[in-house]
Amino acid sequence: MKLKVLFILFTCLTFGQEKPIVFYNESGQKINEQNFIETKDYSKNLDLYFENDTTQIGVLVTRKKFGQLEKNTFENLKSYLYELTNREIDSTQNIVINYLTAYPKKDESTNSKSRWNLLQKGYLKKLHKIENICQFWIHSPESDNLEYNQQKRINWIADKENLIKHLFFPFEVRYGNYLFIKPDGKFYYFLGEHSKHQILEDAEKFFK
């Protein structure tokens, strides 16, 4: 909760040098710069930076999280996914959401098409062999890079009300996230850059 409050307070992504800077760990506790640097570990967390009119902030965000959705929240999420995609989710199905974030933007792309192996053929076939899975390709409404991410082959659907973002991904990271949800509402997500092999390995562990 503390981190979500910080996100609301510090929404600008520019980073002026003249302003004082404060640092926070994954729990939203204020720490010094040395501790921030020493604690930063790309395999476990991401360092994100924001500023308001008077202050800069650096915050560490945990990349992996396990949790439990409340029943009403879970039902609302399934209804929302149906509204977006017209796909029913039955009570026995696990959910996998590949979530494309807004960054990198279109003007940052150096190739005409992404080489991300998640978008290559074979990923879904292997995923569906793991368990009874209903899988969705969802993107941030701010993403302008769908063609780069093979929009003609991948049925990317906009998170038009930002519901998935608000529930799971309040911080805007680069390269997308993924989310698993079991039929009982237990969930796991991973933030930021990843490969199809990582998703498949995590799905094997989480759903079995």
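Worth pointing out:
- Residue list for the range 165-198, restricted to those being part of a strand (DSSP E or B) and either closer than 27 Å to LYS121 by Cα or at pLDDT below 95 (or both): ARG174, ASN177, TYR178, LEU179, PHE180, ILE181, PHE187, TYR188, TYR189, PHE190, LEU191
- Hey, TYR189 buried (at least 17 other Cβ atoms within 10 Å of the Cβ) and either within 12 Å of the chain's Cα centre (by Cα) or not assigned by TED's automatic domain parsing to the domain that holds TYR103 (or both) or not: yes
- Taken over the range 93-145, the residue count meeting the criterion of being part of a strand (DSSP E or B) and touching a Cys at 6+ places or on another chain (Cβ under 8 Å) is 3.
- Verdict on GLU38 being part of a helix (DSSP H, G or I), outside the structural domain of ILE199 (by TED's automatic domain parsing), at negative phi and loosely packed, with under 15 Cβ neighbours inside 10 Å: yes
- Residues located in the range 128-167, provided they are touching a Lys or Arg at 6+ places or on another chain (Cβ under 8 Å) and over 20 Å from GLU108 (Cβ atoms): ILE130, GLU131, CYS134, PHE136, ASP159
- Against the criterion of being in a helix (DSSP H, G or I) and at pLDDT 95 or above, GLU83 qualifies.
- Within the range 41-68, the set of residues being out of contact with any Cys (no Cβ under 7 Å at 6 or more places or on another chain) and not in a strand (DSSP E or B) comprises ASP41, TYR42, SER43, LYS44, ASP53, THR54, THR55, ARG63.
The values are calculated or read from the model by the stated rules, or taken from the named source; none is laboratory data. Note that the structure is a prediction, hence the values are computed from the model and not measured. Every residue, glycine among them, receives a Cβ derived from its backbone with ideal geometry; neighbour counts consider all protein chains shown.
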